[in-house]
Amino acid sequence: MIEVPVYSRDGKQTETLQIDEQQLGGKVLSRLLKQAIVMYEANQRQGTVAKKSRSMVEGSTRKIYKQKHTGNARMGSVRSPIRRGGGRAFDQVPRDHSKDMPEKMRRLARANALLAKLVDQQVKIVDGLTFDAPKTKQFAQVLRALKLDGATCCVATAKHDDALFRSGRNIPGMMITTVSQVNAYNLLRHRFILFTKEAFQAFAANPMNPAQPTVA
């Protein structure tokens, strides 16, 4: 079992929570994590780049002048790739860059990404991270107390909190999401992961599907 300290909003440790590393994969599976990162980044590509080949550009296919006895280099049609306005020799067409992984692998990659962060001691839990109204200054004070200011951070909550989201959305490098929406890419691309106590308990109860935590 891995023990993770729980902090109050002023940065003082109040208790510890436990999570079973065997449910997170037992060890850091670097090849699985790389496959997940490649998939998520590939799925963000638009693939809309396009260049016209010589068959797509406008212009006559007639040979500009005869092959010999002109004193000039031989030349074909105006669509030739070596002429200005001609087609591209190796044209590019829109393509689908998307990749996929089995659902069980995606879930294991998410759990294993958290294990990697736990091993590097880059996971923190805070209790009572709620705001009555959007207060960016108060949110920044919490990050400063937890020594998370100045670093990229992913904040995972048990459910959507509009006041919390609006409090932290203007802070550079900050991402606020629900624990059910967290994926391996989000966990690994941020230096620190900040869970609310309820969100971490939901993740620890069922790491493979934190959206539906099991009840002991």
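The values are calculated or read from the model by the stated rules, or taken from the named source; none is laboratory data. None of these values were measured; they are calculated from a predicted model. Cβ atoms come from the backbone with ideal geometry, glycine included; neighbour counts cover every protein chain shown.
Quick notes
- Residues (assigned to a helix (DSSP H, G or I) and aliphatic (A, V, I, L, M)) located in the stretch 27-37: Leu32, Leu33, Ala36, Ile37
- Test result for Phe165, touching a residue at least 60 places away in the same chain (Cβ under 8 Å) and either on the phi > 0 side of the Ramachandran plot or not charged (D, E, K, R) (or both): no
Let's see how each residue does on (1) more than 30 Å from Leu114 (Cα to Cα); (2) charged (D, E, K, R); (3) modelled with pLDDT under 90:
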residue	(1), (2), (3)
Thr48	yes, no, yes
Ser55	yes, no, yes
Tyr65	yes, no, yes
Gly71	yes, no, no
Arg74	yes, yes, yes
Arg79	yes, yes, no
Arg88	yes, yes, yes
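- The stretch 89-136, residues that are surrounded by 18 or more Cβ atoms within 10 Å (Cβ to Cβ) and of a type in the set (Phe, Trp, Tyr): Phe131
- Positions within the stretch 190-201 being part of a helix (DSSP H, G or I) and touching a Ser or Thr at 6+ places or on another chain (Cβ under 8 Å), in sequence order: Glu198, Ala199
- Selection from the stretch 72-103 of residues that are in contact (Cβ under 8 Å) with a residue 24 or more places away in the chain and under 20 Å from the mean Cα position of the chain (by Cα): Asp96, His97, Ser98, Lys99, Asp100, Met101
- Verdict on Asp96 being closer than 30 Å to Ala140 by Cβ and either part of a helix (DSSP H, G or I) or among the charged types (D, E, K, R) (or both): no
- So Arg83, is it in the same structural domain as Arg189 (by TED's automatic domain parsing) and either in a loop (DSSP other than H, G, I, E, B) or not β-branched (Val, Ile, Thr) (or both): no
- Subset of the stretch 138-189 [closer than 21 Å to Pro5 by Cα, part of a loop (DSSP other than H, G, I, E, B) and basic (Lys, Arg)]: Lys147
- Test: residue in the stretch 171-194 that is modelled with pLDDT of 90 or more, more than 19 Å from the chain's Cα centre (by Cα) and not acidic (Asp, Glu): no
- Selection status of Arg9, touching a Gly at 6+ places or on another chain (Cβ under 8 Å), assigned by TED's automatic domain parsing to the domain that holds Tyr185 and either modelled with pLDDT of 90 or more or under 20 Å from Phe192 (Cβ atoms) (or both): yes
- Taking the stretch 1-26 as the range and being outside any strand (DSSP E or B) and closer than 18 Å to Ala204 by Cβ as the test, the residues that pass are Met1, Asp20, Glu21, Gln22, Gln23, Leu24, Gly25, Gly26.
- Within the stretch 44-62, considering residues that are of a type in the set (Val, Ile, Thr) and closer than 23 Å to Arg74 by Cβ, the one nearest to the chain's Cα centre (by Cα): Val57
- Whichever residue in the stretch 1-39 is over 22 Å from the mean Cα position of the chain (by Cα) and of a type in the set (Gly, Ala, Ser) and, among such residues, is surrounded by the fewest Cβ atoms within 10 Å (Cβ to Cβ): Gly26
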